[in-house]
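One structure below.
The values are calculated or read from the model by the stated rules, or taken from the named source; none is laboratory data. Remember, it's a predicted structure, so these values are computed and weren't measured experimentally. When we count neighbours, we look across all protein chains shown, and the Cβ atoms used for this are built from the backbone with ideal geometry, even at glycine.
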């Protein structure tokens with residue numbers, strides 16, 4: 001009986017002590033573990049992954065097209081051949097998918113200048129080329145926008161003074177970068193819903209493109225921009241894009 005009472009008392013004191021002396025985290029410590037060539041590779045792991053690595057390298061390096069020249073994103077002020085190619089490729093590969101799912105057409109494409117991460121060199125094109133151009137895991141989405149949001153989009157382009165890749169949109173500016181003319185598929189912007197293809201990064205506000213958030217609906221095509229480029233390379237065999245008049249400044 002005395003032992004039982006003592007155990008109960010000890011339990012009560014321990015419980016009371018825990019309540020009165022709560023533990024608090026005061027400091028987190030860590031240290032840097034450097035990974036460099038001084039760390040020896042595991043022969044067993046190397047042997048296991050070698051066939052997979054070889055297969056991936058062979059697939060990435062297989063030739064799928066040919067570039068007629070070298071193209072860079074600095075080739076033009078408001079539109080470039082490489083940017084035009086990427087936006088047109090997204091339109092050409094995405095529009096059939098979007099139409100098969102919704103019965104609607106994509107009206108225009110907008111990508112971002114900063115998303116072009118490499119040049120397109122003259123010569124053979126492989127799948128690795130597409131990974132260099134677009135190393136990010138960005139997927140294509142189609143956003144339904146009304147006239148006010150489309151006008152905000154066009155205004156954004158005129159003020160940015162950058163060669164953001166566009167397709168199916170034609171935009172002319174004056175010497176003060178004010179909009180002279182804006183047409184989508186050759187028609188003036190009207191009170192209708194426009195289906196704009198872009199990437200999920202821009203849809204989520206990347207590059208301050210906030211106009212995408214006020215939309216009627218969103219369609220995720222579950223199709224990466226990189227894959228669209230690869231599919232377009234394969235279909236076209238020889239890549240020879242041009243800088244044109246889709247986005248110009250009239251001086």
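Taking the condition of being outside any helix (DSSP H, G or I), under 19 Å from residue 219 (Cβ atoms) and under 16 Å from the mean Cα position of the chain (by Cα), how many residues in the stretch 70-118 meet it?
Residues in the stretch 70-118 being outside any helix (DSSP H, G or I), under 19 Å from residue 219 (Cβ atoms) and under 16 Å from the mean Cα position of the chain (by Cα): 3 in total.
Can you tell me which residue within the stretch 200-227, out of those that are under 23 Å from residue 171 (Cα atoms) and in contact with a strand residue (DSSP E or B) (Cβ under 6 Å, 6 or more places away or on another chain), is surrounded by the fewest Cβ atoms within 10 Å (Cβ to Cβ)?
The selected residue is 215.
Residue under question is residue 190, and the condition is that it be surrounded by 16 or more Cβ atoms within 10 Å (Cβ to Cβ), at pLDDT 95 or above and on the phi < 0 side of the Ramachandran plot; does it hold?
No, not satisfied.
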